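Q: One structure is given below, represented as structure tokens, and several questions about it will come after.
The values are calculated or read from the model by the stated rules, or taken from the named source; none is laboratory data. As the structure is a computational prediction, the values presented were derived from the model and not from experiment. Here Cβ is always computed from backbone atoms with ideal geometry, including for glycine, and neighbour counts include all displayed protein chains.
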Amino acid sequence: MVIVDSLRCCYCGGCVSVCPVDALTLAETRLVVNENCTECENCVFACPVGALYLEGRAPNPRASTLKPRYDVVVVGAGPGGAMAAYTAAQAGLDVLLIEKRQEIGSPVRCAEGVGHDQLVQFIEPDARWIAAEISRVEITARVNDNARTWHAGGGRGYILERRVFDRVLAERAARAGASVRVKTAATGVIREDGRVRGLKIHDGTRKVEIETSIVIAADGVEAQVGRWAGLDTQLPLRDTMVCAQFLLAGIEIDPTCTYYTISEEFAPGGYVWIFPKGEGKANVGLGVQADLPRRADPIELLTRFIETQPNLARGHAVTLVVGNVPVALPPARLVGDGVMLVGDAARQVDPLTGGGIINAMIAGRLAAQVAAEAIAARDTSANFLARYAEAWRKARGSKMERNYRLREKFPPAQRTDERFVHAFMLATK
């Protein structure tokens, strides 16, 4: 029987095309070998990355291109991780930025909206990764068949192309001196006397151990690195939004306006969004509070909502995005000895809107700045790294905590209340 090394496999599908007995099936990011396999080895020879082999005959791993030690290792090449790597490299540190997927920025799990004033703190807008420029907001609160709508100037904002934007941020980190590796996954931390001293990594061909002074964990909502390091990163179910989104093409929509619908019928505990992405296209999605009863799964709820909107119902879904968003208070500890949490891993998401791109970039920059100070002081203890947690709270965290308390003040059934809608509108700007 042919064995698949899932960490090495890039899911190109070339092996499927040369199999004479239909023993291989490519299911997006999962290659399946069935009982038809005759061990002819056609697939083994056709694999460009050496991910297939006969049972008992595993190939020898290639030599790793990673160094045995870095000052800082950043796990996750989203906006927060890329900003951390860029900032740390600019400070003269030896930085490794790793991404477990083979393509930075994909798959996109985001509605992709940002404000102009927030974005330009980090990078100048570029037409390569801007799908639409936004100037207006429309919010509708629906209770059964009754609806009220509010309009406001939303300030200047953008809907991004995250597939391009994230890669540009990683490229900038590389130009600043960071080493960037894709298809490279953290599989554990190395701890000594409770202190993180390094990472266990699978670099696409073999398992290696890397020493480092500090790990910046920007590994998303799953937050595995923090958990391995002894931090409590479990997300309460009630503070989790379960989301689904289509990129609809062939629709009619104002390309300068973002639309939100608060509705217990279609998005209990959350809301529906419509974010334009250029002429005739939009991200249309919704989030549902995970612990609330619902009549259907988010994809079905989203489909039902679209069917009620004549301007959307004629559209065609060309992309499906699903995922979870934390809308919670931060973990009790954002740092440990030798480790800091950034972005979704640190729950640095607005509890009202679910927006997290700019928050992650702010946190990534702050974490890297503190990392440089800690390494210069030869003190990477949790006590020293707590400067990052305090800086985050002053910069953004206290506002996120206020928004969480406001969300708690209005239970899901009361979020069509005009007071909540106005607070939500302010948070979207």
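Q: State all residues of the stretch 230-249 that are assigned to a loop (DSSP other than H, G, I, E, B) and under 20 Å from the mean Cα position of the chain (by Cα); if no residue qualifies, say none.
A: From the stretch 230-249, those assigned to a loop (DSSP other than H, G, I, E, B) are 230-236; that's our starting set.
Hits for the stretch 230-249 are L231, D232, T233, Q234, L235, P236.
Q: Checking V143 against (1) of a type in the set (A, V, I, L, M, F, W, C); (2) modelled with pLDDT under 95; (3) within 23 Å of E112 (Cα to Cα), only one condition comes out false. Which one?
A: (3)
Q: While we're looking at this one, here's another question. Condition test on R365, is it touching a Pro at 6+ places or on another chain (Cβ under 6 Å) and not assigned by TED's automatic domain parsing to the domain that holds F275? Working first, answer last.
A: Details: touching a Pro at 6+ places or on another chain (Cβ under 6 Å): no; not assigned by TED's automatic domain parsing to the domain that holds F275: yes.
Considered against the rule, which asks whether it is touching a Pro at 6+ places or on another chain (Cβ under 6 Å) and not assigned by TED's automatic domain parsing to the domain that holds F275, R365 comes out as no.
Q: Of (1) more than 25 Å from I357 (Cα to Cα); (2) in a strand (DSSP E or B), V74 satisfies all except one. Which?
A: Single failed check for V74: (1).
To keep it simple, each residue is scored yes or no on (1) in contact with a Cys (Cβ under 7 Å, 6 or more places away or on another chain); (2) farther than 19 Å from T261 by Cβ.
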position: A290; (1), (2): no, yes
position: F305; (1), (2): no, no
position: V325; (1), (2): yes, no
position: V335; (1), (2): no, yes
position: P351; (1), (2): no, no
position: M361; (1), (2): no, yes
position: Q369; (1), (2): no, yes
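Q: I've got another one for you. Look through V208, V221, V215 and report the one residue that is assigned by TED's automatic domain parsing to the domain that holds D94 and in contact with a Pro (Cβ under 7 Å, 6 or more places away or on another chain).
A: On the way: V208 fails: in contact with a Pro (Cβ under 7 Å, 6 or more places away or on another chain); V215 fails: in contact with a Pro (Cβ under 7 Å, 6 or more places away or on another chain).
One residue alone meets the criteria, V221.
Q: Which one is modelled with the lowest pLDDT, of the residues in the stretch 231-248 that are of a type in the set (A, V, I, L, M) and crowded, with 16+ Cβ neighbours inside 10 Å?
A: Selected residue: L235.
Q: Based on what the data block shows, is G338 assigned by TED's automatic domain parsing to the domain that holds D193 and not aliphatic (A, V, I, L, M)? Spell out how you get there, then give the answer.
A: On the way: assigned by TED's automatic domain parsing to the domain that holds D193: yes; not aliphatic (A, V, I, L, M): yes.
So G338 fits the description; yes.
Q: Separate question: Is there a residue being surrounded by 14 or more Cβ atoms within 10 Å (Cβ to Cβ) and charged (D, E, K, R) anywhere in the stretch 5-19?
A: Yes, the stretch 5-19 contains at least one residue that is surrounded by 14 or more Cβ atoms within 10 Å (Cβ to Cβ) and charged (D, E, K, R).
Q: Moving to a separate point now. Could you say which residue among A371, A391 is at pLDDT 95 or above and surrounded by fewer than 24 Cβ atoms within 10 Å (Cβ to Cβ)? Spell out the reasoning first.
A: Working: A371 fails: surrounded by fewer than 24 Cβ atoms within 10 Å (Cβ to Cβ).
Result: A391 is the single residue among A371, A391 that is at pLDDT 95 or above and surrounded by fewer than 24 Cβ atoms within 10 Å (Cβ to Cβ).
Q: Does V349 meet the test of being at pLDDT 95 or above, assigned by TED's automatic domain parsing to the domain that holds T212, surrounded by 19 or more Cβ atoms within 10 Å (Cβ to Cβ) and within 17 Å of A111 (Cβ to Cβ)? Outline the logic, then answer.
A: Working: at pLDDT 95 or above: yes; assigned by TED's automatic domain parsing to the domain that holds T212: yes; surrounded by 19 or more Cβ atoms within 10 Å (Cβ to Cβ): yes; within 17 Å of A111 (Cβ to Cβ): yes.
Yes.
Q: In the stretch 314-329, which residues are buried (at least 21 other Cβ atoms within 10 Å of the Cβ) and part of a loop (DSSP other than H, G, I, E, B)?
A: Applying the first criterion (buried (at least 21 other Cβ atoms within 10 Å of the Cβ)) to the stretch 314-329 yields 315, 325-327.
Of everything in the stretch 314-329, those that are buried (at least 21 other Cβ atoms within 10 Å of the Cβ) and part of a loop (DSSP other than H, G, I, E, B) turn out to be G315, V327.
Q: Would you confirm whether or not the stretch 92-105 contains a residue that is of a type in the set (G, A, S), modelled with pLDDT of 95 or more and surrounded by fewer than 22 Cβ atoms within 10 Å (Cβ to Cβ)?
A: Yes - at least one qualifying residue is present in the stretch 92-105.
Q: I've got another one for you. Tally the residues that are within 19 Å of R365 (Cβ to Cβ) and not in a loop (DSSP other than H, G, I, E, B), restricting the search to the stretch 99-128.
A: Qualifying residue count, the stretch 99-128: 6.
Q: So, one more: Can you tell me which of R109, R156, R136 is closer than 21 Å to D350 by Cβ, touching a residue at least 24 places away in the same chain (Cβ under 8 Å) and touching a Cys at 6+ places or on another chain (Cβ under 6 Å)? So that I can check it myself, show each step before the final result.
A: Values: R109 fails: touching a Cys at 6+ places or on another chain (Cβ under 6 Å); R156 fails: touching a Cys at 6+ places or on another chain (Cβ under 6 Å).
So the residue among R109, R156, R136 that is closer than 21 Å to D350 by Cβ, touching a residue at least 24 places away in the same chain (Cβ under 8 Å) and touching a Cys at 6+ places or on another chain (Cβ under 6 Å) is R136.
Q: Let me ask another. Return the pairs, sorted by first residue and then second, in which the second residue is loosely packed, with under 13 Cβ neighbours inside 10 Å and among the charged types (D, E, K, R), the first residue lies in the stretch 299-310 and is farther than 10 Å from G285 by Cβ, the beta carbons are less than 8 Å apart, and the residues are 6+ apart or on different chains.
A: If the second residue must be loosely packed, with under 13 Cβ neighbours inside 10 Å and among the charged types (D, E, K, R), the pairs left are L301/R295.
Q: A further question follows. Which of the following residues is among the β-branched types (V, I, T), within 30 Å of C10 (Cα to Cα) and either more than 24 Å from the chain's Cα centre (by Cα) or not assigned by TED's automatic domain parsing to the domain that holds V242 (or both): V120, V137, V180? Spell out how you get there, then give the answer.
A: Values: V120 fails: within 30 Å of C10 (Cα to Cα); V137 fails: within 30 Å of C10 (Cα to Cα).
Testing whether each residue is among the β-branched types (V, I, T), within 30 Å of C10 (Cα to Cα) and either more than 24 Å from the chain's Cα centre (by Cα) or not assigned by TED's automatic domain parsing to the domain that holds V242 (or both) leaves just V180.
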